[in-house]
Structures are given as structure tokens and as C-alpha cells.
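Data block below; observations after.
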Amino acid sequence: MPTVSSRVPAPIRVAPRWQILPVGASADPDAIPIWLEPGPGFGDGFHPTTQLCLQGIAALAPRGRAWRLLDVGSGSGILSIAGARLGASVDAVEIDQGAIEHAERCYRANGVEDRVRSFSSLTEVRGPFDLVVANVWRAVLLSLCKELVHLPAPGGSILISGLVSTDVPEVSVSYSQLLGQQRAEVYERDEWRALVWRSHAARDVTSRDDR
């Protein structure tokens with residue numbers, strides 16, 4: 001994703017129940033809080049792709065059992081924290097050491113440091129995962145497609161974002177060809193897009209009313 005440092009987060013709500021807050025702020029009683037501090041890792045909750053991925057994680061997370069999340073391009077750790085909040089054991093992959101250190105501070109602030117492992121390369125992680133999330137640039141998504149499609153568990157899902165509308169045809173075809181021609185579901189917020197390949201038992205990533 002864009003190499004933009006995370007700002008000090010203002011309280012922001014993202015459907016269905018996420019609330020992103022600065023460290024030390026009080027969360028709403030009905031919210032699932034994510035506390036962040038500013039730093040070099042991308043992801044403060046304001047970008048549309050982050051919001052699409054937060055909604056996707058909420059919708060696609062397995063219920064009532066232990067599960068695994070892979071967060072590729074984890075940045076500030078916001079999506080890893082979201083997965084951990086929903087009971088996942090998370091492998092977070094980030095190539096920038098400053099972002100890794102930033103994310104690890106955020107994990108501690110949220111009390112999920114025991115549920116998230118940080119890696120600097122995709123080659124270090126071992127699947128399968130119930131949900132694979134990658135919120136990165138188009139070129140990175142294309143370069144990693146052969147690796148990512150083999151990491152979901154049977155019945156697992158892939159959620160990718162960081163795309164604008166003109167990126168969708170090429171990226172969608174590249175992944176679908178490796179997934180037995182399964183077509184992607186496309187979700188949008190402003191000019192940004194997210195693509196999902198999932199088991200048929202999973203719920204919608206986001207309703208039209210949430211956009």
C-alpha cells in the first residue's frame with residue numbers, strides 16, 4: 001500500500017463494529033476497539049482499502065473455533081489486530097523493519113502480542129490459513145499470486161486490496177486462473193477495490209449499505 005505513515009488516529013468507526021482509536025482513548029461500549037499509535041507502518045483506519053479489509057475480516061472470520069490469519073503487507077498491524085480480536089492466530093508479513101517495530105508496539109497496546117507473529121518475508125510463513133489478506137500494491141499482488149493461492153486451508157478465503165478499478169481485470173484473472181477459474185467477488189469504496197475468493201459458506205464482505 002502507499003508508503004504513508006500512520007497518523008495519530010482520530011476515533012473512527014468502521015462497519016460492522018470496529019473502532020480505531022489513539023492509545024489510551026476510551027472505546028464505545030458496543031465497539032471492537034483497535035488502539036494505534038502513529039508510526040511508519042501504513043494503516044490508520046482512514047484509507048478505503050483498510051476499511052474494506054476490516055469489513056472483510058469481520059465477515060470471513062470463522063466462528064466458534066480457533067483459526068489462522070495471514071496478513072501480507074501488515075504495516076501498522078491494524079488488520080492483524082483485527083484478526084486477533086476475533087480469535088485468530090496471526091502471521092504478519094512486512095518487509096520494512098520500522099513498520100514491524102511500529103506494529104509490535106501496537107500489538108502490545110492492544111494486548112494481542114501473544115497472538116501475532118511478525119515475519120519479514122512470505123517465505124518464512126507456513127500455511128494453511130483460514131483467511132489470507134493482502135492489502136498492498138497491484139504489482140506486489142501480481143508477483144505473489146502463485147504463493148498466496150496455495151496458502152488458504154480447504155474452505156479458506158483470500159481477500160486482497162490496494163487496487164483501483166483499472167487494476168481489477170488483470171489481478172482478478174491472474175488469481176482466478178490459479179483458483180480453478182473461480183471468479184472473484186468485487187467490493188468497492190470510492191475508487192478503491194477489494195477482491196474476495198471464498199468458500200460459499202462465508203458471508204458477504206460488506207453490504208451495499210455500508211459503502
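Numbers for the structure displayed
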quantity	calculated
Using alpha-carbon coordinates, inclination of helix 48-60 to the longest axis of the chain, degrees	80
Hydrodynamic radius of the stretch 6-130 per Kirkwood, over alpha carbon pairs, in Å	14.2
Surface per residue (accessible, 1.4 Å probe) for the chain, Å²	45
Helix 168-178 vs. the chain, principal-axis angle (Cα, 0 to 90°, nearest 10)	70
Charge dipole (the chain, unit charges on Cβ, about Cα centre) - positive-most of Gln181, Trp137, Gly43	Gln181
In order through the stretch 151-156: 3J(HN,Hα) via Karplus (6.51 cos²θ - 1.76 cosθ + 1.60), integer Hz, x for Gly, Pro	8, x, 6, x, x, x
Sum of -39500 (n - 2.57) over DSSP H runs of 4+, divided by residues of the chain (222 nm, nearest 500)	-8500 deg cm²/dmol
Rg and Dmax [Cα atoms of the stretch 64-186; Å; Rg one decimal, Dmax integer]	14.2, 42
Chymotrypsin sites (Phe, Trp or Tyr not before Pro) lying in DSSP loop within the stretch 1-100, provided at most 12 other Cβ fall within 10 Å	none
Rounded to 10°, Cα long-axis angle of helix 97-110 versus longest principal axis of the chain	60
Rounded percent of accessible protein surface that carbon and sulfur make up, the stretch 6-71, 1.4 Å probe	59
For the chain, share of DSSP beta bridges that run antiparallel, in % to the nearest 5	40
Values of log10 I(q)/I(0), in the order q = 0.12, 0.16, 0.18 Å⁻¹, for the chain under a Debye, Cα-only, solvent-free model	-0.53, -1.01, -1.32
Heavy-atom accessible surface of the stretch 97-185: percent carbon and sulfur, 1.4 Å	50
Accessible surface, 1.4 Å probe, highest first, among residues Arg138, Arg17, Arg189, Arg68	Arg17, Arg138, Arg68, Arg189
Choice from Glu124, Glu188, Glu94 with maximal GNM fluctuation in the chain (Cα, 10 Å cutoff)	Glu124
Sorted peptide list for 58-65, 22-29, 157-164, criterion being average Cβ within 10 angstrom, highest first	157-164, 58-65, 22-29
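The values are calculated or read from the model by the stated rules, or taken from the named source; none is laboratory data. Just so it is clear, the structure is predicted and the values come from calculations on it, not from any experiment. Using ideal geometry, Cβ is built from the backbone for each residue, glycine included, and neighbour counts are taken over all protein chains shown. Surface accessibility is based on the protein's heavy atoms, side chains included, excluding ligands, DNA and RNA. Shrake-Rupley method; radii C 1.70, N 1.55, O 1.52, S 1.80 Å.
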